[in-house]
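The structure under discussion appears below in the form of structure tokens.
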Amino acid sequence: MKYYDKLIFELSREGRTGYSLPKASASAAIPAELSRESALPLPEVSEVDVVRHYTNLSQMNFGVDTGFYPLGSCTMKYNPKINEEIANMAAFGGLHPLDDQLPGVDMVYDEMDKALAAITGMKHFTFKPCAGAHGELTGLMIMKQYHQNRGDLARTKVIVPDSAHGTNPASAAVCGFDIVEVKSNAAGLVDVEDLKPLLGPEIAGIMMTNPNTLGLFEKDIKEIAALVHECGGLLYYDGANMNPLLGMVRPGDMGFDIMHLNLHKTFSTPHGGGGPGSGPVGVCERLAHLLPADIQNRVPAIPGEEKVGSVSGFHGNFGIILRAYTYILMLGRENVKMAGKLATLGANYIKESLKDAYKLPIPTVCKHEFVFDGLIDDGSATGKPGATTLDVAKRLLDFGFHAPTIYFPLLFHQALMIEPTETESKETLDEFIDVMHKIAAEAAQDPDILHSAPHSAPISRPDETTAARKPVLKYQDETE
Ligand SMILES: *Cc1c(COP(=O)(O)O)cnc(C)c1O
């Protein structure tokens, strides 16, 4: 432990302060019955104590600005700093949400609507949803409203593939639908033969991700779209990770009716820790009048057809929308295409370079991400317990890399899901490949090196269940 690793409460010394307020304080104006009986038990520290404490804390964390972050299904790509500069401009940051008629704000929404429509093949977007899952819920509400407006009330079920992101079935359940699971085939794609018997008059629609959560492009998407439409259902597209398709193909052209995008993944906004995010929802022409009533109100309701109600206050997360707008403008039409190509190239490069050491269950060309199923040689031949995916992930931390997504998707027992994103150089990818090979060699020789990793992180192996169920997030004063 370094001397500055102490808690800020332990640094506290009675009477020490890091501020000085003018003599004439406002306390005189606060009625006595409202003021505290005793002082707040805050740490008493100097300015330098506070600065060092928080700066050191920030360095115990890991982010895309610190190093490579190949977290599958999360698109942890680098976020250009100009996005931040634009979003932080006083002219935007100082706006009051009731200033809804400002021409500049209107213009941003209007241009984003057009840009996302061009990228996705949808007709119009709402920018109200504040996360991917919030977008899913909004999209499903539109699906429900569409069937209700037609008096088609028997459609209570939504089909979700077994490889789907967990938010898909969760959003469908929150929206009041029953979930029907469709299986993947051996190639990791939606099994059309398994889908056919599920379709019928109770199906409201299907939620799909393409490329799916294994990073594979659904080859039968046209047939699936025709089958679902034929039975009267709608197609929902989860576009949280649309990187590889940017400028290549469009969900609207594949037959999807409703979709969401995660601006805080695909369109380069820092994310994690619960927000803020933005999950705009786009719909095809025949559903455009059902979009939630927007401040911009681009698509008026059709008389007699109820719209979906408001799903968030005012403009949605305008700051995130501005960052995505800047990102799109900075790339321009031609370079948007490069993002998709590079995301795909990087993932395939890592996959091919490491398949001699890690099990590759689906050995085809992938899109922006792919899944390994653990080590080929886990070291169990040494007589010690074999190294698992968790052990590999923990050991990566010792080498300064963030771990990939592990144990997801649930289709494989030792899933290790890698998404390099398009913002990494070949040198960074090579270093990662090198380290992954080193770790595989360590596992084969002595898996215990991995079992006890990480050796260099501030915390090594917390009990994950207790950490999730009973997190200790604040200072516990033993004397209280
Ligand atoms: C991240 C993600 C979501 C959910 O997005 P949030 O903003 O975290 O709610 C949904 N689907 C997929 C495929 C994702 O990767």
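Per-structure values
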{"read-out": "Selection status of residue 83, away from the ligand (no atom under 16 Å from the Cβ), at pLDDT 90 or above and of a type outside the set (A, V, I, L, M, F, W, C)", "value": "yes"}
{"read-out": "Subset of segment 133-159 [out of contact with any Leu (no Cβ under 8 Å at 6 or more places or on another chain) and either at pLDDT below 95 or part of a helix (DSSP H, G or I) (or both)]", "value": "133, 134, 136, 137, 138, 139, 140, 141, 144, 148"}
{"read-out": "Residue satisfying condition, being aliphatic (A, V, I, L, M) and in contact with a strand residue (DSSP E or B) (Cβ under 6 Å, 6 or more places away or on another chain), within set 441, 415", "value": "415"}
{"read-out": "Unmet criterion (only one of (1) more than 30 Å from residue 85 (Cβ to Cβ); (2) in contact (Cβ under 8 Å) with a residue 12 or more places away in the chain) for residue 282", "value": "(1)"}
{"read-out": "Enumeration of residues in segment 51-80 that are within 16 Å of the ligand (Cβ to nearest atom) and among the hydrophobic types (A, V, I, L, M, F, W, C)", "value": "64, 71, 74, 76"}
{"read-out": "Those residues of segment 268-293 which are away from the ligand (no atom under 12 Å from the Cβ), outside any strand (DSSP E or B) and touching a helix residue (DSSP H, G or I) at 6+ places or on another chain (Cβ under 8 Å), in sequence order", "value": "268, 284, 287, 290, 291, 292"}
{"read-out": "Yes/no for residue 154 being surrounded by fewer than 23 Cβ atoms within 10 Å (Cβ to Cβ) and within 16 Å of the ligand (Cβ to nearest atom)", "value": "no"}
{"read-out": "Meets criteria (of a type in the set (Asp, Glu), over 24 Å from the mean Cα position of the chain (by Cα) and within 20 Å of residue 344 (Cα to Cα)) for residue 419", "value": "no"}
{"read-out": "Of all residues in segment 437-457 being assigned to a loop (DSSP other than H, G, I, E, B) and over 10 Å from residue 387 (Cα atoms), the one that is modelled with the lowest pLDDT", "value": "457"}
{"read-out": "Residue under evaluation residue 344, criteria (1) assigned to a helix (DSSP H, G or I); (2) over 25 Å from the mean Cα position of the chain (by Cα); (3) β-branched (Val, Ile, Thr), criterion not met", "value": "(2)"}
{"read-out": "Any hit, segment 379-399, residues being closer than 25 Å to residue 339 by Cα and in contact (Cβ under 8 Å) with a residue 12 or more places away in the chain", "value": "no"}
{"read-out": "Some residue of segment 413-433 being farther than 23 Å from residue 74 by Cβ, crowded, with 17+ Cβ neighbours inside 10 Å and out of contact with any Asp or Glu (no Cβ under 7 Å at 6 or more places or on another chain)", "value": "no"}
{"read-out": "Segment 235-267, subset away from the ligand (no atom under 13 Å from the Cβ) and closer than 14 Å to residue 138 by Cβ, residue surrounded by the fewest Cβ atoms within 10 Å (Cβ to Cβ)", "value": "257"}
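Each row is one residue, and each column tells you yes or no for (1) among the aromatic types (Phe, Trp, Tyr); (2) touching an Asp or Glu at 6+ places or on another chain (Cβ under 9 Å).
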{"position": "327", "(1), (2)": "yes, no"}
{"position": "361", "(1), (2)": "no, yes"}
{"position": "367", "(1), (2)": "no, no"}
{"position": "380", "(1), (2)": "no, no"}
{"position": "394", "(1), (2)": "no, no"}
{"position": "399", "(1), (2)": "yes, yes"}
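The values are calculated or read from the model by the stated rules, or taken from the named source; none is laboratory data. No experiment lies behind these values; they were computed from the predicted model shown. Glycine gets a Cβ as well: all are built from the backbone with ideal geometry, and neighbour counts include every protein chain shown.
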